[in-house]
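First, the structure itself, so that you have it in front of you.
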Amino acid sequence: MKWTPANAMDLKGELSKLLPQFSEKSRDRLLRVLQDPGFSGQISASEVAALAESEHRTVTALMVELLPLARTYSRPPISNYLVGAVARGSSGDFYLGANIEFPGHSLGFSVHGEQSALSNAYMHSERGVSAIAVTAAPCGHCRQFINEMSPSGDIEVLIADNPAVKLAALLPMAFGPKDLGFKDGALPVKEVNLARPKGQSDDLTLAALEAARNSYAPYTKAHSGIAIGTQSGRIHKGAYIENVAFNPSLSPLQTALAALIVAGETYSAISRVALVELESAVISQKSVTEAALGAIAPPARLQVVRTTIAV
């Protein structure tokens, strides 16, 4: 499949190629969702139900059949291997995601398709995720990340032409939050009471603060969030999402870039970035944010603001 960024496509024409099994009525319905100016990779439960009814499909089947659409958001300039993912939240909403690679930066900074879809659900404050459909079997890195979202292992993993399987079957004897003394995983989102930095009142910094307040950092307590401002005037937020195995953790910039891409924007649109992080934390997101932005959006201005736990 050719790597074609979704925002650069003639969506109406491409949808007939991506989803030929769908009726024109359903494709038009989906097109209206995708072309909404505020689209953020989320398809509401009501739209999902309408599509499933129109196509005489189960919701599970619909998730798998939407994978070609999710894959158009893939950005793999290094591997040229496209991965799409669709997560289903407890609300019934669908969340699209795709893999992202960053030329000029470490391979370890790549965002896997499953991470993209699940972080999308996380940033929309889903209380839980019941299933995730993927274009290929999740790698070990992703299985570990999915486990952090639902340490019970009950999330269903769906792959085309294969029976649904619980995560627990793909990750037996899982290492999870309980192994470091924590009862719960990342969902539902738990707000952290971070103080509003003195003298900071601009929309971008406040959006980054909101993302930081929603970050998940039980292992380091290094809460952080990022907000990306684009030339279109939109703001894309990203919270730090930590993982018990450390390496699968998503930095706030990775989460925000995944949000930017499923919203149909490009790196060239990035004009400003604000990072809010906890003062004197054991880790910092500043250096990795500077390095990644230097590779993908050199003109972007980065503002770093430190905060504290409110008392």
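The values are calculated or read from the model by the stated rules, or taken from the named source; none is laboratory data. Quantities reported herein were computed from a predicted structural model and do not represent experimental measurements. Glycine also receives a Cβ, built like all others from the backbone with ideal geometry; neighbour counts cover every protein chain displayed. With ligands, DNA and RNA removed, areas are computed over all heavy atoms of the protein, side chains included. Shrake-Rupley method; radii C 1.70, N 1.55, O 1.52, S 1.80 Å.
Determine the shape class of the stretch 272-311: with a ≥ b ≥ c the square roots of the Cα gyration tensor eigenvalues, call it rounded for a/c under 1.5, and otherwise prolate if a/b is greater than b/c, oblate otherwise.
oblate
With +1 on the Cβ of every Lys and Arg and -1 on the Cβ of every Asp and Glu, and nothing else charged, how large is the dipole of the stretch 17-143 about its Cα centre, in debye rounded to the nearest 20?
That gives the stretch 17-143 a dipole magnitude of about 140 debye.
Can you find, among Ser26, Ala121, Ala98, the residue farthest towards the positive end of the dipole of the stretch 19-150? Put +1 on the C-beta of Lys and Arg, -1 on that of Asp and Glu.
Checking the options against the dipole of the stretch 19-150, the answer is Ala98.
Shape verdict for the stretch 11-99, please, from the Cα gyration tensor: rounded (a/c under 1.5), prolate (a/b greater than b/c) or oblate. It would help to have the intermediate numbers written out before the result.
Details: a/c = 1.58, a/b = 1.35, b/c = 1.17.
In terms of gyration-tensor shape, prolate.
Another question about this same structure. Show me the GluC sites (Glu not before Pro) within the stretch 3-91 that DSSP assigns to loop and that have at most 11 other Cβ atoms within 10 Å of their Cβ.
In loop regions of the stretch 3-91 (DSSP not H, G, I, E or B), there are no sparsely surrounded GluC sites (Glu not before Pro).
With a 1.4 Å probe and every protein chain kept in, tell me what percent of the accessible surface of the chain is carbon plus sulfur.
It is 52 percent, rounded to a whole number.
Right, here's the next one. With contacts defined as alpha carbon pairs under 8 Å and 6 or more residues apart, what's the relative contact order of the chain in percent?
Normalised by residue count, the contact order of the chain is 14 percent.
Another question, if that's okay. To the nearest 20 debye, what is the magnitude of the charge dipole of the stretch 180-311 about its Cα centre, counting +1 on the Cβ of each Lys and Arg and -1 on the Cβ of each Asp and Glu?
Values: 12 positive and 10 negative charges, 33 e Å.
Dipole of the stretch 180-311, to the nearest 20 debye: 160 debye.
To test your reading of the geometry: what angle, between 0 and 90 degrees and rounded to tens, separates the Cα axis of helix 286-296 from the longest principal axis of the chain?
For helix 286-296, the angle is close to 50 degrees.
Let me ask you something else. Can you list the HN-Hα couplings for the stretch 44-55, worked out from phi with the Karplus curve (6.51, -1.76, 1.60; θ = phi - 60°), rounded to whole Hz and with x for Gly and Pro?
3J(HN,Hα) across the stretch 44-55, in whole Hz: 5, 4, 5, 5, 4, 5, 5, 5, 4, 5, 4, 9.
Number of Lys-Lys pairs in the chain under 20 Å by Cα, sequence gap 8 or more or different chains?
Going through the chain pair by pair, I get 14.
Could you work out how far apart the two model spin labels at Val311 and Ala160 are, taking each label as a point 7 Å from the Cα in the direction of the beta carbon, and quote it in nm?
5.7 nm
Continuing with this model, one more query. Give the angle, between 0 and 90 degrees and rounded to the nearest 10, that separates the Cα long axis of helix 203-213 from the longest principal axis of the Cα atoms of the chain.
The helix 203-213 is inclined about 90 degrees to the chain.
Continuing with this model, one more query. For Phe175, what accessible area in Å² do you get when you roll a 1.4 Å probe over the heavy atoms of the protein chains, rounding to the nearest 10?
Spelled out: Phe175, probe radius 1.4 Å, area about 90 Å².
Give the accessible area for Asp179 in Å² (nearest 10); use a 1.4 Å probe, count only protein heavy atoms, and leave out ligands, DNA and RNA.
Approximately 80 Å² of Asp179 is accessible to the 1.4 Å probe.
Assigning unit charges at the beta carbon (Lys, Arg +1; Asp, Glu -1) and nothing else, what dipole magnitude in debye, to the nearest 20, does the chain show about its Cα centre?
Values: 27 positive and 28 negative charges, 82 e Å.
It comes to approximately 400 debye.
Still on this structure: Of Gly264, Gly294, Ile283, whose Cα points farthest to the positive end of the dipole of the stretch 252-311 (charges on the beta-carbon: +1 Lys, Arg; -1 Asp, Glu; origin at the Cα centre)?
Gly294
Specify whether the C-alpha gyration tensor of the stretch 90-137 places it in the rounded, prolate or oblate class, a ≥ b ≥ c being the square roots of the eigenvalues: rounded for a/c under 1.5, otherwise prolate if a/b is larger than b/c and oblate if not.
In terms of gyration-tensor shape, prolate.
Continuing with the same structure: More than 14 angstrom separation, counting every C-alpha pair in the stretch 224-275; what % is that?
Result: 47 percent of Cα pairs exceed 14 Å.
So, one more: Note down the relative contact order for the stretch 117-236 as a percent, whole number, built from C-alpha pairs under 8 angstrom at least six residues apart.
Relative contact order comes out at 19 percent.
So, one more: Please determine, in degrees from 0 to 90 and to the nearest 10, the orientation of helix 113-123 with respect to the longest principal axis defined by the Cα atoms of the chain, where the helix direction is its Cα long axis.
The answer is roughly 60 degrees.
Also: What order do you get for 110-118, 157-165, 127-135 when each peptide is scored by the mean count of other beta carbon atoms within 10 Å, highest first?
110-118, 127-135, 157-165
Just to be sure I understand, if you calculate Cα extents along the principal axes in Å for this structure, which of (1) 49, 41, 41; (2) 54, 46, 35; (3) 57, 42, 41 do you get?
(2)
What are the ³J(HN,Hα) couplings of the stretch 172-188, residue after residue, when phi is run through the Karplus curve with 6.51, -1.76, 1.60 and θ = phi - 60°? Round to Hz, x for glycine and proline.
x, 6, 5, 8, x, x, 4, 5, 10, x, 10, 7, 10, x, 6, 10, x
Let me ask something else about it. Spelling out what I want: for every residue of the stretch 72-80, take phi, set θ = phi - 60°, compute 6.51 cos²θ - 1.76 cosθ + 1.60 (Karplus), and round to whole Hz; glycine and proline get x.
Those phi angles translate into 5, 8, 5, 10, x, x, 8, 8, 6 Hz.
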